[in-house]
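I have placed the structure first, in the form of structure tokens, so that the comments after it can refer back to it.
The values are calculated or read from the model by the stated rules, or taken from the named source; none is laboratory data. All values derive from a computational prediction rather than experimental measurement. Note: ideal-geometry Cβ built from the backbone for every residue, glycine included; neighbour counts use all protein chains shown. Each accessible area value is taken on the protein alone, full model and side chains, heavy atoms only, with ligands, DNA and RNA left out. Shrake-Rupley method; radii C 1.70, N 1.55, O 1.52, S 1.80 Å.
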Amino acid sequence: MNRYLQLTPVDMELTKLLPLPVLMNSTDFNFIGGNYHHNFHPQKSPELGYDPLTGNRFKSDDDRLLEGLAVRFSRGQHMPVWLHNRYHDTFAGPPLPQTTKDKFTSVVLACAGVVPRQAINLYKPGEYEIVELTDRQHDFIAQNIFYEGYNKHKRGPRNRIGQFLAEYTINNAVAPLLSEREIKKIVNKFLKPTNRYQRIAAGRYLLTCAIDASVAELMPVYKEAQHEKLVSRNKKNLGKVITEFFVKDQFVAYYDPLEDIVRSAIEVT
């Protein structure tokens, strides 16, 4: 990180994690086309999946790779080339989420369309200031913020995000549910189904419950974001945000790791 550049400001009012967007308006695109600006950078950071010693991605079996790429891919802003260049002449990048939990929070809120009500004004060369956005400004900026590949229908980044969200949910939210009486009944149907359809239905129920549990702590933040008009797109249940990023096979693709976690938890108890 260049020590002469500034740290990118983040939203300190609510999320404490999401980088502030860059102020812009539609006329800024009249000069040259636009660039996709990753909000979470620099790319070759350990928090984003890169080995700081070699500059290469962590190995495929290293959990830091998947969670880092998910954060990297989860949010970007389409902005004019000149403004993008001016941003990188000023900022080295934001403080990046350090823990897996904070990375999960950042990815979920980013993919849910939460956009801070403040922005970075870079219109004066060599200077910047933090400004409050009007509703109109916020709507325009939010329309130009999306996960990588959204406007090009690229499946790679989306699948990486979905895989991380699914693995986090399975690894962190399933085991605590297994002591509940109703869940125990479903577990029996999942592990010892009388037919294939019973296993599919039981697995879907278990994952749905785990997803709801994984985002429970984020619901107050998300509801406050909606109240403060930080969410201008279609407002969705956070659980639905997660499942929409699952890979093509959706729930069934995660039944094997789900079974491993369930069996391990049962053996411990």
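Here is how the numbers come out for the structure above:
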item: Evaluation of LEU238 against (1) open to solvent by less than 10 Å² (accessible area, probe 1.4 Å); (2) of a type outside the set (Val, Ile, Thr); (3) over 30 Å from GLU132 (Cβ atoms) (one fails), failing number; result: (3)
item: Residue in segment 132-149 that is in contact with an Asp or Glu (Cβ under 7 Å, 6 or more places away or on another chain) and outside any loop (DSSP other than H, G, I, E, B) present; result: no
item: Residue check for GLY34: small (Gly, Ala, Ser) and closer than 30 Å to PRO220 by Cα; result: no
item: Selection within segment 212-235 - open to solvent by 20 Å² or more (accessible area, probe 1.4 Å) and either out of contact with any Gly (no Cβ under 9 Å at 6 or more places or on another chain) or hydrophobic (A, V, I, L, M, F, W, C) (or both); result: ALA213, ALA216, GLU217, MET219, PRO220, VAL221, LYS223, GLU224, GLN226, HIS227, GLU228, LYS229
item: Test: residue in segment 18-27 that is surrounded by fewer than 17 Cβ atoms within 10 Å (Cβ to Cβ) and touching a residue at least 24 places away in the same chain (Cβ under 8 Å); result: yes
item: Odd one out for LEU133, checked against (1) closer than 24 Å to GLU244 by Cβ; (2) open to solvent by less than 50 Å² (accessible area, probe 1.4 Å); (3) more than 13 Å from the chain's Cα centre (by Cα); result: (1)
item: The listed residue being under 21 Å from PRO9 (Cβ atoms), open to solvent by less than 10 Å² (accessible area, probe 1.4 Å) and modelled with pLDDT under 95, out of PRO97, PRO80; result: PRO80
item: Counted residues, segment 79-126 - those being in a loop (DSSP other than H, G, I, E, B), among the basic types (Lys, Arg) and either closer than 30 Å to GLU167 by Cα or in contact (Cβ under 8 Å) with a residue 12 or more places away in the chain (or both); result: 1
item: Unique match (being open to solvent by 10 Å² or more (accessible area, probe 1.4 Å) and within 30 Å of HIS78 (Cβ to Cβ)) among ASN159, ASN195, ASN188, ASN172; result: ASN159
item: Whichever residue in segment 51-77 is touching a helix residue (DSSP H, G or I) at 6+ places or on another chain (Cβ under 6 Å) and in contact (Cβ under 8 Å) with a residue 60 or more places away in the chain and, among such residues, is surrounded by the fewest Cβ atoms within 10 Å (Cβ to Cβ); result: LEU66
item: Of the criteria (1) in contact with a helix residue (DSSP H, G or I) (Cβ under 9 Å, 6 or more places away or on another chain); (2) buried (at least 21 other Cβ atoms within 10 Å of the Cβ), which one HIS38 fails; result: (2)
item: Flag if TYR254 is of a type in the set (Ser, Thr, Tyr) and farther than 22 Å from SER74 by Cβ; result: no
item: Residue in segment 200-210 that is within 15 Å of ASN237 (Cβ to Cβ), among the β-branched types (Val, Ile, Thr) and open to solvent by 30 Å² or more (accessible area, probe 1.4 Å) present; result: yes
item: So LEU48, is it surrounded by 15 or more Cβ atoms within 10 Å (Cβ to Cβ), in contact (Cβ under 8 Å) with a residue 24 or more places away in the chain, within 16 Å of HIS138 (Cβ to Cβ) and hydrophobic (A, V, I, L, M, F, W, C); result: no
item: Residue ID - nearest to ASP102 (Cα to Cα), chosen from residues in segment 29-67 that are out of contact with any Gly (no Cβ under 7 Å at 6 or more places or on another chain) and aliphatic (A, V, I, L, M); result: LEU66
